[in-house]
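> Input: one structure, supplied below.
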Amino acid sequence: MKSDLTISTRKAEKPNTALRKPGFRINPALVFLLPYGVLFTVFIVIPVTLAMALSFTNFNAVQFPRLTYFLNYINLLTQDAIFMQYVLPNTLIFALVVGPCGYILSFFLAWSLSQISKVPRTILALIIYSPSMTSGVTMAVIWRIIFSGDRMGYLNNLLLSLGWISEPIQFLQSPDFLMPIMIIVALWGSMGVGFLAMLAGVLNYDVSIYEAASIDGIRNRFQEVFYITIPMMKPQMLFGAVMSVVNTFQVGSIGVALSGTNPTPQYAGQLIVNHIEDYGFIRYEMGYASAVSVVLLCIIYGTSRFARRLFREG
């Protein structure tokens, strides 16, 4: 009797695997990635796909899009004299100056801050990073006061008081000064996330590597930076390069905010982003604006790929 009770108890304790049915198990990692995936799809994938589709149409934001195939791209490269003579050269000049200069300046400032103690480093890093947190319009308001075309402008007032000029200069309306001022403003606000990534990379290096390198023949700080610091910071350098490329090509509001008009005076500060806004939100030629945005996307992608190949591992 006792043995029968023990057997029945064991049977009761044994789980009934026959009642279990295989079901779908959700990976916890997918749950955490779901919000990002939804936001990425809604705000990146869908808009880019729609822009590519609309670039092959004639769409005025009122009537249904009419398919035109590659006509927008043909007109952009053969008929749009403003794009070929002003917009594309201005964008390339702006990108070639602001991108590399801002990137080099970010690394130099990050490396310089790593050489000082923690408290002043934190304060200076916050001061350097803070302009990138302000919007382009806010920056333009500050710089418009400095480069104002009347006697109350800070730069004009200084030059007049020194006797270097006899009348105020219209800095923001002059084709000779608008692009250099845009480059200055862009460099001032270019110390963003890429700068913080480089600073974090410099601060997390292994000091023993530098000690071993000094034994192997490294004699000065330049050799340390070139042969040790930069190779160890490849992930941060790549991230900073990609962010610099994207931010440089996306900056478009600076010239319009400084000059107050779109197009900018004599197209002196007209960039691809301004050209997109001009055709998309002023002329309501959405199909043509989409084609220009696709060209900009291809330029950014190609430049980012070049940066990845430059800083690739191995």
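> Being among the small types (Gly, Ala, Ser), part of a helix (DSSP H, G or I) and within 23 Å of residue 198 (Cβ to Cβ) narrows it down to one of 304, 293, so name that one. Walk me through it before giving the result.
Numbers: 293 fails: within 23 Å of residue 198 (Cβ to Cβ).
The match here is 304.
> Also, I was wondering about something else. Just one of (1) over 15 Å from residue 258 (Cβ atoms); (2) in contact (Cβ under 8 Å) with a residue 40 or more places away in the chain; (3) of a type in the set (Phe, Trp, Tyr) trips up residue 188, so point out which.
Tallying (1) over 15 Å from residue 258 (Cβ atoms); (2) in contact (Cβ under 8 Å) with a residue 40 or more places away in the chain; (3) of a type in the set (Phe, Trp, Tyr), residue 188 fails exactly one: (1).
> Looking at the range 235-250, is at least one residue surrounded by 21 or more Cβ atoms within 10 Å (Cβ to Cβ), assigned to a loop (DSSP other than H, G, I, E, B) and not hydroxyl-bearing (Ser, Thr, Tyr)?
no
> Residue check: is residue 103 in a helix (DSSP H, G or I), touching a residue at least 40 places away in the same chain (Cβ under 8 Å) and over 20 Å from the mean Cα position of the chain (by Cα)?
Criteria not met by residue 103.
> Okay, next question. For the range 204-234, which positions are among the charged types (D, E, K, R) and part of a helix (DSSP H, G or I)?
Going residue by residue through the range 204-234, those that are among the charged types (D, E, K, R) are 206, 211, 216, 219, 221, 224, 234.
Hits for the range 204-234 are 211, 216, 221, 224, 234.
> Any idea which of 127, 123, 44, 74 is within 21 Å of residue 245 (Cα to Cα) and outside any loop (DSSP other than H, G, I, E, B)? Let's see the steps before the verdict.
On the way: 127 fails: within 21 Å of residue 245 (Cα to Cα); 123 fails: within 21 Å of residue 245 (Cα to Cα); 74 fails: within 21 Å of residue 245 (Cα to Cα).
Exactly one residue qualifies, and that residue is 44.
> Only one of 106, 55, 132 is farther than 21 Å from residue 197 by Cα, out of contact with any His (no Cβ under 8 Å at 6 or more places or on another chain) and crowded, with 17+ Cβ neighbours inside 10 Å; which? Walk me through it before giving the result.
Details: 106 fails: farther than 21 Å from residue 197 by Cα; 132 fails: farther than 21 Å from residue 197 by Cα.
Selected residue: 55, the only one of 106, 55, 132 that is farther than 21 Å from residue 197 by Cα, out of contact with any His (no Cβ under 8 Å at 6 or more places or on another chain) and crowded, with 17+ Cβ neighbours inside 10 Å.
> Moving on to the next point. If I filter the range 251-290 down to residues being of a type in the set (Val, Ile, Thr) and either touching a residue at least 60 places away in the same chain (Cβ under 8 Å) or outside any helix (DSSP H, G or I) (or both), which single residue comes out as surrounded by the most Cβ atoms within 10 Å (Cβ to Cβ)? Walk me through it before giving the result.
Of the residues in the range 251-290, the ones of a type in the set (Val, Ile, Thr) are 251, 254, 256, 261, 264, 272-273, 276, 282.
Then keep just the ones that are either touching a residue at least 60 places away in the same chain (Cβ under 8 Å) or outside any helix (DSSP H, G or I) (or both); that gives 251, 254, 261, 264, 272.
Numbers: 251: 21, 254: 28, 261: 12, 264: 25, 272: 24.
If we take residues in the range 251-290 being of a type in the set (Val, Ile, Thr) and either touching a residue at least 60 places away in the same chain (Cβ under 8 Å) or outside any helix (DSSP H, G or I) (or both), then 254 is surrounded by the most Cβ atoms within 10 Å (Cβ to Cβ).
> Restricting to the range 149-203, give me the number of residues that are in a helix (DSSP H, G or I), more than 19 Å from the chain's Cα centre (by Cα) and not small (Gly, Ala, Ser).
17
Rundown of residues vs (1) of a type outside the set (D, E, K, R); (2) modelled with pLDDT of 90 or more; (3) within 28 Å of the chain's Cα centre (by Cα), yes/no style:
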position: 6; (1), (2), (3): yes, no, no
position: 11; (1), (2), (3): no, no, no
position: 47; (1), (2), (3): yes, yes, yes
position: 50; (1), (2), (3): yes, yes, yes
position: 57; (1), (2), (3): yes, yes, no
position: 83; (1), (2), (3): yes, yes, yes
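The values are calculated or read from the model by the stated rules, or taken from the named source; none is laboratory data. On a predicted model such as this, the values are computed, not experimentally measured, just so you know. Glycine gets a Cβ as well: all are built from the backbone with ideal geometry, and neighbour counts include every protein chain shown.
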